[in-house]
2 protein chains.
Amino acid sequence: MQNLSKNQQIIFDLIDKSPEPLKAYTILYNVQKKGIKAPLQVYRALDKLVEIGKIHKIESRNAFIACHNSSCQVAKATAFSICEICEKVTEISSDSLSKYLANFKDKDGMKYIKYNLEFFGLCKKCKVK
Amino acid sequence: MQNLSKNQQIIFDLIDKSPEPLKAYTILYNVQKKGIKAPLQVYRALDKLVEIGKIHKIESRNAFIACHNSSCQVAKATAFSICEICEKVTEISSDSLSKYLANFKDKDGMKYIKYNLEFFGLCKKCKVK
DNA sequence: TTACATCTTGTTATATTATAACAATCTAAA
DNA sequence: TTTAGATTGTTATAATATAACAAGATGTAA
Ligand SMILES: [Zn+2]
Ligand SMILES: [Zn+2]
Ligand SMILES: [Zn+2]
Ligand SMILES: [Zn+2]
């Protein structure tokens, strides 16, 4: 597990301490005081962080969240729940789910080690309102 | 099941006969001869078609594919396989999978009737190469 | 230590994807 | 026939992401 470069570390720290997924240009705005001035600098760091599994992209939201499966061996097999009201996103770590999906075979018998699953619904808070 | 409007029909027909997911601006380019000239006309039709379940958005690709689960009751519960080489996308219709996901409960016991799952791997053709 | 490859950064410009705002027109039901 | 809702047309702009090129940093292996 290599160390992060300067920009990667700055951007990871920001995402990691955020309670919600961050969008690329929100990140850019928040790191400009640290010398990161251009979109590409942000996207390059994001690409790398996704690649090594430190963060995940929430595809349906174009936003990025730190991995909280501390030992997310399977950076490429991700599952999230997304609240459609408050937009709270939670990474799901369920052995049962990940085993089921890792073993899933399609009609042709194909298996897929990589997947992304996004569940949508209402979080506890929004449900009671 | 209401009928489609003119623009919706034009755009659905294009997507439906396409062997691959289409992007919004590809669609725009292909329907300009039919009088649809602006991005917003395309996006409005796409929004509606997604809403009524005639097409699905492949979130990781920003592309749209016609629903081929002819009786896709659950327009909001979708699963696809995506080839990482040739980008072939196939909608998965598996009772087992949809039941499993529809019944999945997270740590808080929450169930989610809506989800999107994207599997990544190599299709048969690309695998043998 | 040097030479080499690789990764990382900086910078400007541009491409791609998507929505805002406003006005007109069509459609179907009361 | 009126009226509410859906659909269309149009221009402008916002939001997301990459291309292309140059320079600097880093780590290996001779
Ligand atoms: Zn993770
Ligand atoms: Zn919520
Ligand atoms: Zn479908
Ligand atoms: Zn393929």
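The values are calculated or read from the model by the stated rules, or taken from the named source; none is laboratory data. The structure displayed is predicted, hence computed values, not measured ones. Using ideal geometry, Cβ is built from the backbone for each residue, glycine included, and neighbour counts are taken over all protein chains shown.
Side notes on the structure shown:
- Of note, A:Leu46 does not satisfy the criterion of being surrounded by fewer than 20 Cβ atoms within 10 Å (Cβ to Cβ), modelled with pLDDT of 95 or more and away from chain B (no Cβ under 12 Å).
- Every condition in (1) surrounded by 15 or more Cβ atoms within 10 Å (Cβ to Cβ); (2) in contact with a helix residue (DSSP H, G or I) (Cβ under 9 Å, 6 or more places away or on another chain) is met by A:Glu87 except one, and the failing one is (1).
- Options B:Lys125, B:Lys107, B:Lys129: the member that is out of contact with any helix residue (DSSP H, G or I) (no Cβ under 9 Å at 6 or more places or on another chain), within 16 Å of ligand 1 (Cβ to nearest atom) and at pLDDT below 95: B:Lys107
- Pair list, Cβ < 8 Å and 6+ apart or interchain, from region B:105-119 residues that are part of a loop (DSSP other than H, G, I, E, B) to residues that are surrounded by fewer than 17 Cβ atoms within 10 Å (Cβ to Cβ): B:Asp106/A:Ser94; B:Lys107/A:Ser94; B:Asp108/A:Lys124; B:Met110/A:Lys124; B:Ile113/B:Val74; B:Ile113/B:Lys76; B:Ile113/B:Ala102
- Hits in region A:85-104 (condition: more than 9 Å from chain B (Cβ to nearest Cβ), of a type in the set (A, V, I, L, M) and part of a loop (DSSP other than H, G, I, E, B)): A:Ile85
- Flag if A:Lys76 is of a type outside the set (Asp, Glu) and either in the same structural domain as A:Ile113 (by TED's automatic domain parsing) or more than 12 Å from DNA strand C (Cβ to nearest atom) (or both): yes
- Residues located in region A:16-48, provided they are within 11 Å of the chain's Cα centre (by Cα), within 13 Å of DNA strand D (Cβ to nearest atom) and more than 22 Å from B:Tyr115 (Cα to Cα): A:Leu46
- Qualifying positions in region A:71-84 - buried (at least 19 other Cβ atoms within 10 Å of the Cβ), at the interface with chain B (Cβ under 9 Å from one of its Cβ atoms) and within 14 Å of B:Phe120 (Cα to Cα): A:Ala79
- Taken over region B:94-125, the residue count meeting the criterion of being buried (at least 17 other Cβ atoms within 10 Å of the Cβ), within 16 Å of ligand 3 (Cβ to nearest atom) and of a type in the set (A, V, I, L, M, F, W, C) is 4.
- Residue match in region B:9-26 (condition: touching a residue at least 40 places away in the same chain (Cβ under 8 Å), surrounded by 12 or more Cβ atoms within 10 Å (Cβ to Cβ) and under 29 Å from A:Cys123 (Cα atoms)): no
- Residue within region B:61-70 that is within 11 Å of chain A (Cβ to nearest Cβ) and in contact (Cβ under 8 Å) with a residue 12 or more places away in the chain present: yes
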